[in-house]
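A short worksheet on the structure shown next.
The values are calculated or read from the model by the stated rules, or taken from the named source; none is laboratory data. In this text the structure is predicted, and so the values were computed from the model without any measurement. When we count neighbours, we look across all protein chains shown, and the Cβ atoms used for this are built from the backbone with ideal geometry, even at glycine. Heads up: the accessible areas ignore ligands, DNA and RNA and are worked out on the full protein's heavy atoms, side chains in. Shrake-Rupley method; radii C 1.70, N 1.55, O 1.52, S 1.80 Å.
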Amino acid sequence: MTFAEIVAAPMAGSSLAAGGEGLDYLEIARNSGPVGMAVLGLLVAASAVSWAIIAKKYLQIRRAQDQSVRFLETFWQSKRLDAIYEAADRLGSSPIGQVFRAGYVELSKVTAQKKENGEGHAEVELGGIENVERALKRAAASEVTNLEAQVPFLGTTASAAPFVGLFGTVWGIMRAFHDIYRMGNANLATVARPISEALIATAVGLFAAIPAVVAYNYFVSKIRVLDSEMTNFSNDFLNIVRRHFFS
């Protein structure tokens, strides 16, 4: 063998390796057995559902933030509660607007009762403020529940998917070693393929978990901000009600 042939041989081998066929994921799924296929199917389904929730909640929270900003601008610029109520009705995705609507409806009932029982009735005034406050708190809690809907699924996927993938990997490695023992051949070529197939489950588990945990933390932080804004608005609205209706 000449020097040129010696130099060319490794280059030819690496070019053949580079041109080799890639991973056939459908074949890997078929060869993983019933348990492996069930694990992969569960992880793929969880990932698909997670991405659907991520898209839906992102649009919902983005719309809630935008409409809440518009509602607060209307609230502080307008001097008539009925006009603010109409604005809140138009901005139906604003949680702050829905909190105001609940408080306004309860305030209307309280003022009507106040007129029936006469001005300056201490018990009516005290009970009226408490009723408005309870209505604001109930509405805020309802809006937070609505915003948090389906978000726990992301947290569950983020925490469980890696372990489900690890289970699939362990099961696949057990099958691989069983097949190796049965064939009585333990060289690298025999071991590499079944073990690489088993590790696919861990990769799919991480693929499902990473976007879910990022989205879960993002949505929880945004919902916490909206919850804080609803609390601040409720306090401001109660102060206005006390000053103008129960002073």
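Compared with the alpha-carbon gap, the fully stretched path from Asn239 to Ala149 is longer by 29.3 nm at 0.36 nm per residue. Summarising the label geometry, the points placed 7 Å from Cα in the beta-carbon direction at Ser78 and Met174 lie 6.4 nm from one another.
From most to least packed by mean Cβ count within 10 Å, the peptides 234-244, 88-98 give 88-98, 234-244.
Cross-link partners for Lys115 among the lysines, with Cα-Cα distance under 23 Å and sequence neighbours closer than 8 places in the same chain left out: Lys79. Per-residue Karplus couplings for segment 142-159, computed as 6.51 cos²θ - 1.76 cosθ + 1.60 with θ equal to phi - 60°, are listed in order as 5, 5, 5, 4, 5, 5, 7, 4, 6, 5, x, 4, 5, x, 5, 4, 4, 8 Hz, Gly and Pro entered as x.
Here Tyr218 sits with roughly 90 square angstrom of accessible surface, probe radius 1.4 Å. Straight-line cross-link reach from Lys222 at under 21 Å between alpha-carbon atoms covers these lysines, not counting any fewer than eight positions away in the same chain: Lys56, Lys57, Lys137.
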